[in-house]
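In what follows, a single structure is set out as structure tokens and then discussed.
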Amino acid sequence: MITQKKVVVAMSGGIDSTLVVRLLQEAGYEVCGATMHHFNGQDFSDAIKMADFLKIPYRIIDVRDNFKKIVLTYFTESYTKGLTPNPCMICDFKIKFGLFYDKARELLNCPYFATGHYCRITYNSDRKKFQVDKALDLAKDQSYMMYHLTQEQLAHILFPLGRIHKENTRLLAKEKGIPIYNKSESQDICFLSENETYIDYLKQYAPDAFKPGYIINRKGEVLGKHRGLPYYTIGQRRGLGIAAKTPLYVIALDGKKNRVIVGANEDLFRTRLLACDLDFTDGNAPQSPFTCEAKIRYGIKTHTCSVTLKQNGNAIVSFNEPQRAVTPGQSVVFYDNERLIGGGTIVKPL
């Protein structure tokens with residue numbers, strides 16, 4: 001067991017991470033702060049001010065090269081392949097809880113690492129395993145993002161906000177004298193500049209993704225032309241530019257042939273999917289097949305399914321009820337009630 005109560009907090013300059021520092025100080029930890037420098041033009045002013053206000057050592061750690069090579073390349077290449085990327089998931093896995101996790105703990109000599117994520121880490125004495133549990137505030141729960149974490153990491157990570165409801169965060173920050181308690185929330189895709197959309201970004205850094213192509217139906221009949229695959233997502237109805245007697249939805253994106261495939265709403269529902277790049281927080285996969293609950297995107301409810309693991313490392317996930325808009329490139333994440341089991345990347349619906 002670790003006895004040295006020294007922790008580095010990943011500070012963004014926002015309410016959540018600043019409150020984490022204060023809570024850990026009050027819990028008796030020696031706290032340091034660190035911020036990832038992962039893109040040019042990043043504003044560190046609030047993080048620096050809060051570190052100074054809280055009187056803690058603070059470092060800015062440059063991870064720009066790796067962020068560009070890993071996250072930004074993944075982001076742009078996914079759209080050119082007709083996939084819908086999840087850059088925050090990849091950043092958490094490869095950068096925040098990867099390179100940054102290692103460097104921050106080493107440079108500041110801290111055995112523990114803490115963030116402002118809303119989820120919990122507990123130790124199950126019966127199973128003799130650390131585990132990720134859903135946040136008490138299920139509306140804010142971010143355990144979906146954590147299925148890549150290893151047992152070694154879980155032994156050294158703290159999520160102090162996992163037992164706090166988001167609606168109480170500002171009140172608690174104000175109560176504890178944190179001056180930015182009323183600061184607005186940050187946008188989802190951090191590397192986009194103010195008022196910049198992902199389309200704007202892709203047009204600048206991946207213009208080849210915007211090759212026009214055909215919109216077809218399930219029979220292969222051409223119904224119109226599209227403006228480039230990044231403009232379309234699975235489940236989309238508006239903006240297709242096609243006149244039809246009944247509503248049409250994007251049901252698939254064919255990156256190889258540069259086609260958008262449309263169909264009826266009922267064509268969006270599938271009970272099975274193929275997943276790859278599986279990770280399990282126990283460090284090993286459950287016995288196959290296994291029954292659990294799963295979700296196919298962040299922010300939705302879980303549904304009962306069975307998971308069959310293949311020898312090639314992939315998995316077939318079969319849901320008890322149809323799931324709408326199974327989207328290649330997103331993650332399917334598995335739960336046993338409150339406990340996160342693992343997850344993988346959706347290859348395609350079946």
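The values are calculated or read from the model by the stated rules, or taken from the named source; none is laboratory data. Computed from a prediction, not measured in an experiment: that's the story for all the values here. Cβ coordinates were reconstructed from backbone atoms using ideal geometry, including for glycine residues, and neighbour counts include every protein chain displayed. When the accessible area is computed, the model is the full protein with side chains, heavy atoms only, and any ligands, DNA or RNA have been set aside. Shrake-Rupley method; radii C 1.70, N 1.55, O 1.52, S 1.80 Å.
Counting only protein heavy atoms and a 1.4 Å probe, the stretch 207-301 has 59 square angstrom of accessible area per residue.
Among the GluC sites (Glu not before Pro) in the stretch 150-217, which ones are in a DSSP loop with at most 12 other Cβ atoms within 10 Å of the Cβ? Mind listing them?
Answer in residue order: Glu185, Glu194.
The alpha-carbon atoms of the stretch 197-349, seen along their principal axes, cover 48, 37, 29 angstrom, with the largest extent given first.
The stretch 1-152: D in µm²/s via Stokes-Einstein (Kirkwood Rh, Cα pairs, 4 °C, 1.567 mPa s)?
78
Between Val9 and Cys32, Gly33, Ala34, Ala114, the built amide H atoms are under 5 Å apart, and every one of these is 5 or more places off in sequence or on another chain. The residue among Ala155, Ile178, Cys190 whose Cα reaches farthest toward the positive pole of the charge dipole of the stretch 133-207, with charges on the beta-carbon of Lys, Arg, Asp and Glu, is Ile178.
Ranking request for peptides 231-238, 156-163: highest mean number of other beta-carbon atoms within 10 Å first, then the rest in descending order.
156-163, 231-238
In order along the stretch 227-241, phi translates into HN-Hα couplings of 9, x, 4, x, 6, 10, 9, 4, x, 5, 10, 7, x, 7, x Hz, rounded to whole numbers, per the Karplus curve 6.51 cos²θ - 1.76 cosθ + 1.60 with θ = phi - 60° and x for Gly and Pro. Taking max minus min of the alpha-carbon positions on each principal axis, the stretch 99-148 gives extents of 34, 29, 17 Å, largest first.
The value of relative contact order for the stretch 20-67, using C-alpha pairs under 8 Å at least six residues apart, is 45 percent. Per-residue ellipticity at 222 nm computed for the chain from its helices equals -5000 deg cm²/dmol, with DSSP H segments shorter than 4 residues left out and the rest contributing -39,500 (n - 2.57). The phi torsions of the stretch 124-139, fed into the Karplus equation with coefficients 6.51, -1.76 and 1.60 and a -60° offset, translate into couplings of 8, 5, 6, 8, 6, 9, 6, 8, 9, 10, 4, 5, 5, 8, 5, 5 Hz, rounded to whole numbers, with Gly and Pro shown as x. Give me log10 I(q)/I(0) at q = 0.18, 0.25, 0.26, 0.32 Å⁻¹ for the stretch 139-187, Debye formula, one equal scatterer per alpha-carbon, no solvent. One equal scatterer on each Cα of the stretch 139-187 leads to -0.76, -1.02, -1.04, -1.22.
Summing Cβ point charges (Lys, Arg +1; Asp, Glu -1) relative to the Cα centre of the chain gives a dipole of roughly 800 debye. Backbone phi angles across the stretch 156-163, fed through the Karplus curve with coefficients 6.51, -1.76 and 1.60 (θ = phi - 60°), yield HN-Hα couplings of 10, 10, 10, 10, x, 8, x, 10 Hz in residue order; Gly and Pro are listed as x. With only the Cα atoms considered, the stretch 192-282 has a convex hull volume of 164 Å³ per residue. Compared with the alpha-carbon gap, the fully stretched path from Ser318 to Ala243 is longer by 23.5 nm at 0.36 nm per residue.
Per residue, the convex hull around the alpha carbon atoms of the chain comes to 151 Å³. Summing charges over neighbours of Val71, with a neighbour being any other residue whose Cβ is under 12 Å away from its Cβ, gives +2 when K and R count +1 and D and E count -1. Amide hydrogen proximity for Thr271: with H placed 1.01 Å from N in the peptide plane, the residues at 5 or more positions away or on another chain lying under 5 Å are Gln323.
Annotation: the stretch 100-248 has a Kirkwood hydrodynamic radius of 20.2 angstrom, from the mean reciprocal C-alpha pair distance. For the stretch 24-120, the fraction of 1.4 Å probe accessible surface lying on carbon and sulfur atoms is 49 percent. For Asn265, the shell of other residues with beta-carbons less than 15 Å away shows a net charge of +4, using +1 for Lys and Arg and -1 for Asp and Glu. For Gly342, the amide hydrogen comes within under 5 Å of the amide hydrogens of Thr281, Phe334, counting only partners 5 or more places away or on other chains and with H modelled in the peptide plane.
Across all Cα atoms of the stretch 252-331, the radius of gyration (one decimal) and Dmax (whole number) stand at 14.0, 41 Å.
Mean separation of Cα pairs under 8 Å and 6+ residues apart, divided by the residue count of the chain: what relative contact order is that in percent? Mind dumping the intermediate values first?
Working: 706 pairs, mean separation 52.7, N = 350.
Here the relative contact order equals 15 percent.
By the scheme Lys and Arg +1, Asp and Glu -1, what is the net charge of all other residues having a beta-carbon under 14 Å from that of Thr281? Charge balance near Thr281 sits at -1.
Charged side chains reduced to their Cβ positions (Lys and Arg at +1, Asp and Glu at -1) give the stretch 44-143 a dipole of some 160 debye around its Cα centre. For the chain, the share of DSSP beta bridges that are antiparallel, to the nearest 5, is 70%.
Here the stretch 1-54 was treated as a single set of alpha-carbon atoms; its pair distances binned every 10 Å from 0 give 25, 51, 20, 5, 0 percent.
Could you give the accessible area per residue of the stretch 4-89, probe 1.4 Å, as a whole number in Å²? Working shown, then result.
On the way: 3770 Å² over 86 residues.
For the stretch 4-89, the per-residue accessible area is 44 Å².
Note on the stretch 10-126: dipole from Cβ charges, positive end direction compared against Tyr101, Val20, Thr76; the farthest Cα belongs to Thr76. When +1 charges are put on Lys and Arg Cβ atoms and -1 charges on Asp and Glu Cβ atoms, the dipole computed for the stretch 203-320 relative to its Cα centre reaches about 660 debye.
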